[in-house]
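Taken together, the values in this text are just the output of simple stated rules run on the coordinates, not laboratory data. Keep in mind it's a predicted model, so treat the numbers as computed, not measured. Backbone-built Cβ (ideal geometry, glycine too); neighbour counts: all protein chains shown.
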Amino acid sequence: MPELPEVETTRRGILPHVRHHRVERVIVREPRLRWPVPPELPAMLEGQTINDVQRRAKYLLLPTDNGTLMIHLGMSGCLRILPANTPVMKHDHIDLLLETGNLLRLTDPRRFGAMLWTREAIHDHPLIQALGPEPLSPLFTGEALYQQSRNRKQAIKTFIMDNHIVVGVGNIYANEALFKAGIRPDRPAGRISLARYQRLELAIRDVLSRAIEQGGTTLRDFVGGDGKPGYFRIELAMYGRAGEPCTTCGTAIREVRLGNRSTCFCPQCQR
Ligand SMILES: [Zn+2]
């Protein structure tokens with residue numbers, strides 16, 4: 001599933017190919033995505049120039065003078081820049097034909113992605129409005145995590161994966177960041193000290209930044225070629241390593257289910 005680093009890498013990958021370019025045609029082959037593609041999308045978008053490619057949480061936002069195109073990659077979506085005459089495959093649901101002779105193609109086998117159109121100020125959009133801060137922005141702080149977690153009994157891992165608290169900390173990154181911060185994933189969020197939340201803030205920033213940096217090396221995959229963009233992995237110390245020795249102390253990594261998600265931790269290093 002594309003996580004925040006993959007979405008950010010996608011943003012950087014498509015940006016130079018779509019920014020300041022006009023959309024000549026919009027071809028919707030399959031409107032049944034997570035939400036139906038609005039029937040008016042081609043009429044709204046054709047002839048418009050894409051002013052920028054921004055990201056908020058896992059939404060890509062392409063503002064034009066007429067409104068903003070919102071794209072979500074869902075569970076299996078990807079965006080690629082391809083020559084206009086590239087053959088259409090089964091799951092290629094939407095093409096934006098650009099004045100450059102390229103197209104921006106949304107491919108999504110499982111169809112949990114979305115392509116929406118809004119004329120509202122984007123920060124007031126119902127899907128965006130209630131989101132917590134970006135994890136790499138100055139608004140995301142250990143202090144804020146500490147304040148918001150008081151009296152909360154839910155597990156710290158569930159807490160940091162809540163989009164209202166901070167966006168973009170998916171399961172893999174939550175496991176890694178908690179290991180790096182030395183915090184047991186099932187510890188109640190309300191019983192963690194400010195100092196430990198400050199370590200956790202830094203750990204989340206570090207894990208996500210490294211993944212984005214890693215994604216930079218795959219940028220060329222977003223342009224041309226038949227393959228999907230190669231989603232990437234940072235070297236994972238915890239996720240998917242149940243039973244293997246901890247990279248720090250050698251203790252066997254334990255796995256539990258939290259919020260029905262696989263959760264790995266070192267019972268020695270994480271308290
Ligand atoms: Zn350990």
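Annotations
- Where Cα atoms sit under 21 Å apart: lysine pairs in the chain separated by 8 or more or lying on different chains: 4
- With neighbours defined as other Cβ atoms within 10 Å of a residue's Cβ, the residues C78, C269 order from fewest to most as C269, C78.
- Axis angle, to the nearest 10 degrees, between helix 4-18 and the longest C-alpha principal axis of the chain: 20 degrees.
- Taking every C-alpha pair closer than 8 Å and separated by at least 6 residues, the mean separation divided by the residue count of the chain gives a relative contact order of 18 percent.
- For the chain, the alpha-carbon coordinates run over 58, 36, 29 Å along the three principal axes, in decreasing order.
- Neighbour-count order for W117, W35, fewest beta carbons within 10 angstrom listed first: W35, W117
- With Cα atoms, 0 to 90° folded angle of helix 171-181 axis to the chain main axis: 40
- Residue order, fewest to most beta carbons within 10 Å, for T10, T100, T64: T100, T64, T10
- In this label model, W35 and E99 are separated by 2.9 nm, measuring between points 7 Å along each Cα→Cβ vector.
- Taking 0.36 nm per residue of separation and subtracting the Cα-Cα distance, full extension of the segment from F112 to L136 would add 6.1 nm.
- MRE, 222 nm, helices only [DSSP H, n ≥ 4, -39500 (n - 2.57), over the chain, to nearest 500]: -7500 deg cm²/dmol
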